Amino acid sequence: MAERILAIFDSADEAQAAARALQRGGLPRTAITIMSSEPAHTSTADSAGQSNSHIGTVAIFGGVIGASAAVLLTVLTSRRVDLVTGGMPIVTPWAFGIIAFELTALGAILAMLSRMIFEAGLARRGALSDYDEAVADGRVVVSLQCEDDSHRDIAEKVLGSNRKLDPPAQNAPTLNESTDFRRS
Amino acid sequence: MRSIRPTNAKINADLLRPVNKPGRGWYATVTVSVLVVLAAAGALTYQFSRGLGVWGINRPVFWALDITNFVFWIGISHAGTLISAILRVTGAEWRRPITRCAEAITVFALMIGAMFPIIHLGRPWFFYWLVPYPNERGLWPNFRSPLAWDFFAISTYLLGSIIYLYLPLIPDLALLRDKSRGLWRRFYGTLSLGWRGTELQWDRLERAVRVMAVVIIPVAVSVHTIVSWDFAMTIRPMWHSTMFGPYFVAGAIFSGIAALIIAMAVVRRVFHLEDYLRAIHFNNLGLLLLTMSLIWFYFTFGEYLTAWYGNEPGEMAVFRSKMSGAFSPLFWGTIVCCFAVPAPLLAFKRFRTIKGTTIASALVIIGMWFERFLIIVPTLAHPKLTFNWGTYRPTWVEMTLTAGTFGYFVLLYAIFTRIFPIIAVWEYKEGFSWQAEHEDLPSLNEPVVASGD
C-alpha cells in the first residue's frame with residue numbers, strides 16, 4: 001500500500017546523504033523529495049530532473065507571440081482607421097518597432113511566469129499534502145512516497161529516528177512552534 | 001575574517017520583526033505620511049472640482065510640476081528593478097540584503113509616476129481613451145505618438161517589476177504562511193502558491209529570476225529612453241537632442257541609487273537592521289552613486305556645450321535663462337546637489353560612510369528633481385518665437401500634490417514593510433551557504449569601512 005513518510009534533518013548535507021542512501025537501497029529518485037528553506041546547490045539536482053526546464057525556450061516563444069501581437073495591433077488598427085497623414089506612411093516600422101519591443105518583453109515575461117508556475121508545480125490544489133512546517137525553522141525535510149513494504153523497510157532502516165510517519169495537518173501547530181511570531 | 005552564520009531562528013526573528021512588531025518609528029512614519037497624503041488628496045479634490053485652472057500652468061508653459069513629477073518618479077523607479085537585475089546578472093553577492101528594498105521602490109515609484117499623466121488630463125475618469133486600441137469612439141489610436149509608447153513601456157515595466165518583485169518573494173511568503181495563523185495564514189498561503197521549497201521549485205525559481213533579470217534590464221532602459229523621447233521627438237530648443245535617451249537613463253539610475261540608499265538608511269534605523277544593512281552596502285552603493293554622478297555631469301556638460309557652441313538663437317534663449325536668468329538659482333543648485341558636493345564627498349573613503357552616502361543621496365534627490373523641472377519648464381517658457389515667451393509660477397495645489405507624492409511613496413513603502421519582509425530572508429541565508437562553498441573568497445558580510453552612524 002502506498003504510504004508517505006517524512007523525515008526531518010537539521011542540515012541539507014544530512015538530508016542529501018539520506019536521499020543518496022535511499023537511492024542506493026532501491027528507492028527511485030522520483031519518489032524522494034527534499035524540501036528546504038534555502039536553495040540546495042547539490043549534485044542531486046540533476047537526478048531530480050531539474051535540468052529539463054523549458055522556461056527559457058517558452059520565454060522566447062512568448063516574446064515571439066508578443067511581437068506578433070504588437071505588429072497585428074499596430075498595423076491592422078492603423079490601416080482600419082485609414083487616416084490622411086499628408087503623404088506620411090500610416091504604417092511606420094520606426095515607431096511601431098518601439099511598441100513591438102515592449103510587447104515582445106511583455107510576452108516573454110508572462111510566458112516565463114506561466115511556465116515557471118507550471119514546472120514548479122505551484123498553484124495546485126493539495127500542494128502542501130506532504131509538507132512539514134519544520135522547513136520554516138531551517139530544517140530540511142525528506143518526503144518519501146513508498147509504493148510497497150520493501151520501500152517502507154528501506155526507509156525505516158535509512159531514516160532511523162528522523163522518520164515521521166504522519167504528515168501534520170496544515171492547521172496544526174508546527175513541530176518547532178516558533179515563539180518569535182505572533183501574526184494571527 | 002570569516003563571518004559566523006547566525007542561527008535560522010535569529011535570522012527569521014530579525015528579518016520578520018518589521019512584519020511582527022514594527023515599532024514606534026514605523027507608526028510615526030505612517031502618521032506623518034498619512035497626513036501629507038490627506039493634504040494632497042484635498043488638493044486633488046479641489047482640482048477636480050475647479051478644473052486645471054487651479055494649477056499655475058498657462059500658455060506657453062502647459063507642462064510643469066505634474067510632468068516634472070512624472071519624469072522624476074519614473075526615474076526613481078530605476079532604483080530597484082534595474083539595479084537589482086544588474087547586480088543579479090553580474091553575480092554581485094553583496095546585493096542580497098538590498099534587492100527587495102530596491103525592487104519595492106520600483107513598483108511604488110512607477111505607480112506614482114504613472115498617475116501624473118492621468119491627473120494632468122483634467123478629466124482623469126476618461127483616461128482609458130488614451131489606451132490605443134481599435135474602438136468605436138472615432139478616436140485614432142496614434143501609435144506614432146511617444147505618449148502611446150509611454151503607455152506600452154510603463155505598463156510593461158510596471159507589470160514586469162511586480163513579477164520581478166513577486167518571484168523572489170514566494171519562498172518568504174511561504175515562511176510567513178508557516179509562521180502565521182488565521183486570516184494572515186490564508187493570505188500568505190494564497191500568495192505563496194503552495195510553495196514547499198523542493199529542489200525542483202528552487203531550481204525553477206532561480207531560472208525564472210535569471211530570465212526576468214535579463215529581460216527586465218532592456219525594458220528598464222527603454223522606459224526612461226521613451227520618457228526622454230516625449231521631449232526629444234519635438235523640435236523644441238534644448239529638447240531635440242539625440243543624447244536625451246542615455247542622458248535620461250543615466251539620470252534615472254543616478255536618482256534611483258540615491259533613493260535606494262535613503263530607503264536603506266531609513267529601514268536600517270527604523271527596524272534596527274544594523275546587522276543586515278551594513279557599511280559595505282552603503283560603501284558599494286556610494287561608489288555606484290559616485291560613478292553615476294560623474295556620468296551625469298559628463299552628459300550635462302555635453303548637452304549644454306553643444307547648445308552654447310551652436311549659438312542658435314532659440315537654444316541660446318533657453319541656455320541663458322538657465323545660466324544667468326530666472327532659472328539660474330535652480331540650475332546652479334542642481335550642479336551643487338548632483339555633482340559639486342556629492343562627487344567629492346563620495347570620492348573619499350573616509351566620507352563614504354552610512355551617514356555620508358545618505359547625505360549625498362538626499363542632495364542628489366533634491367538636485368535631480370530640480371533637473372527634471374529645468375528640462376521641462378525653461379524650454380516651454382521660451383518658444384522659438386519671442387512674442388510667445390512666458391513664465392510659470394506653481395500654485396499651492398501643485399506644491400501640495402508634489403509633497404503628496406513623497407508622502408504617498410513613504411506610506412506605500414511603509415505598508416509594504418509591514419506585510420512583507422523588506423530583506424529577502426532566503427536570499428540572505430543562501431549568502432552564507434554560498435560563502436561556505438567559496439571559502440577562498442573574502443567574506444562578503446564584513447564591513448570594509450567603519451560604520452558612519
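The values are calculated or read from the model by the stated rules, or taken from the named source; none is laboratory data. On a predicted model such as this, the values are computed, not experimentally measured, just so you know. Every residue, glycine among them, receives a Cβ derived from its backbone with ideal geometry; neighbour counts consider all protein chains shown. SASA here: full protein model, heavy atoms, side chains in, ligands and nucleic acids out. Shrake-Rupley method; radii C 1.70, N 1.55, O 1.52, S 1.80 Å.
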Filter result for B:Leu205 (within 8 Å of another protein chain (Cβ to nearest Cβ), in a helix (DSSP H, G or I) and open to solvent by less than 30 Å² (accessible area, probe 1.4 Å)): yes
task: Mind telling me which of the residues B:Trp149, B:Trp195 ends up being outside any helix (DSSP H, G or I), surrounded by 21 or more Cβ atoms within 10 Å (Cβ to Cβ) and touching a residue at least 12 places away in the same chain (Cβ under 8 Å)?
output: B:Trp195
field: Residue list for region A:128-141, filter: open to solvent by 20 Å² or more (accessible area, probe 1.4 Å) and either of a type in the set (Phe, Trp, Tyr) or in a loop (DSSP other than H, G, I, E, B) (or both)
entry: A:Leu128, A:Ser129, A:Arg139
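On the basis of being part of a helix (DSSP H, G or I), at pLDDT 90 or above and not charged (D, E, K, R), does B:Phe127 make the cut?
Details: part of a helix (DSSP H, G or I): yes; at pLDDT 90 or above: no; not charged (D, E, K, R): yes.
So B:Phe127 fails the test.
Residue by residue, here is whether (1) modelled with pLDDT of 85 or more; (2) within 27 Å of the chain's Cα centre (by Cα) holds:
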| site | (1), (2) |
| --- | --- |
| A:Met88 | no, no |
| A:Met116 | yes, yes |
| A:Ala123 | yes, yes |
| A:Ala136 | yes, yes |
| A:Val142 | yes, yes |
| A:Lys164 | no, yes |
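Do we find a residue being touching a residue at least 12 places away in the same chain (Cβ under 8 Å), outside any helix (DSSP H, G or I) and within 14 Å of another protein chain (Cβ to nearest Cβ) anywhere in region B:50-63?
Kept after step one, since they are touching a residue at least 12 places away in the same chain (Cβ under 8 Å), are these residues of region B:50-63: B:51-52, B:54-63.
If we keep only those that are outside any helix (DSSP H, G or I) as well, we get B:51, B:55-63.
After this cut, where a residue has to be within 14 Å of another protein chain (Cβ to nearest Cβ) as well, the list is none.
Within region B:50-63 (the criterion being touching a residue at least 12 places away in the same chain (Cβ under 8 Å), outside any helix (DSSP H, G or I) and within 14 Å of another protein chain (Cβ to nearest Cβ)), the answer is no, since none of the residues qualifies.
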message: Taking the condition of being open to solvent by 20 Å² or more (accessible area, probe 1.4 Å) and more than 8 Å from chain A (Cβ to nearest Cβ), how many residues in region B:164-188 meet it?
response: 4
message: Going by what's in this entry, would B:Glu398 be described as in a helix (DSSP H, G or I), open to solvent by 20 Å² or more (accessible area, probe 1.4 Å) and among the acidic types (Asp, Glu)?
response: no
message: Given (1) under 30 Å from A:Ala31 (Cβ atoms); (2) more than 8 Å from chain A (Cβ to nearest Cβ); (3) of a type outside the set (Gly, Ala, Ser), identify the lone condition not met by B:Ile118.
response: (1)
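If the requirement is being assigned to a helix (DSSP H, G or I) and either modelled with pLDDT under 95 or over 24 Å from the mean Cα position of the chain (by Cα) (or both), which of these qualifies: B:Ser433, B:Ser443?
Working: B:Ser443 fails: assigned to a helix (DSSP H, G or I).
Of B:Ser433, B:Ser443, the one residue that is assigned to a helix (DSSP H, G or I) and either modelled with pLDDT under 95 or over 24 Å from the mean Cα position of the chain (by Cα) (or both) is B:Ser433.
Out of all the residues in region B:294-309, is one or more small (Gly, Ala, Ser), out of contact with any Cys (no Cβ under 9 Å at 6 or more places or on another chain) and within 21 Å of B:Ala381 (Cα to Cα)? If you could, list the steps in order and put the result at the bottom.
Residues of region B:294-309 that are small (Gly, Ala, Ser), as a first pass: B:302, B:307.
Of the ones still in play, those that are also out of contact with any Cys (no Cβ under 9 Å at 6 or more places or on another chain) are B:302, B:307.
Then drop every residue that is not within 21 Å of B:Ala381 (Cα to Cα), which leaves B:307.
Yes - at least one qualifying residue is present in region B:294-309.
On the basis of being part of a helix (DSSP H, G or I), at the interface with another protein chain (Cβ under 7 Å from one of its Cβ atoms) and open to solvent by 20 Å² or more (accessible area, probe 1.4 Å), does A:Leu113 make the cut? Can you show your working first?
Numbers: part of a helix (DSSP H, G or I): yes; at the interface with another protein chain (Cβ under 7 Å from one of its Cβ atoms): yes; open to solvent by 20 Å² or more (accessible area, probe 1.4 Å): yes.
Yes: the conditions hold for A:Leu113.
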Selected residue [within 26 Å of B:Leu159 (Cβ to Cβ) and among the β-branched types (Val, Ile, Thr)] from B:Val89, B:Val54, B:Val61: B:Val89
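Taking the condition surrounded by 24 or more Cβ atoms within 10 Å (Cβ to Cβ) and within 9 Å of chain A (Cβ to nearest Cβ), does B:Ile226 pass? I'd like the intermediate steps shown before the answer.
On the way: surrounded by 24 or more Cβ atoms within 10 Å (Cβ to Cβ): yes; within 9 Å of chain A (Cβ to nearest Cβ): yes.
Answer is yes for this residue.
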field: Selection within region B:239-259 - open to solvent by 10 Å² or more (accessible area, probe 1.4 Å) and either within 14 Å of chain A (Cβ to nearest Cβ) or farther than 21 Å from B:Leu82 by Cβ (or both)
entry: B:His240, B:Ser241, B:Thr242
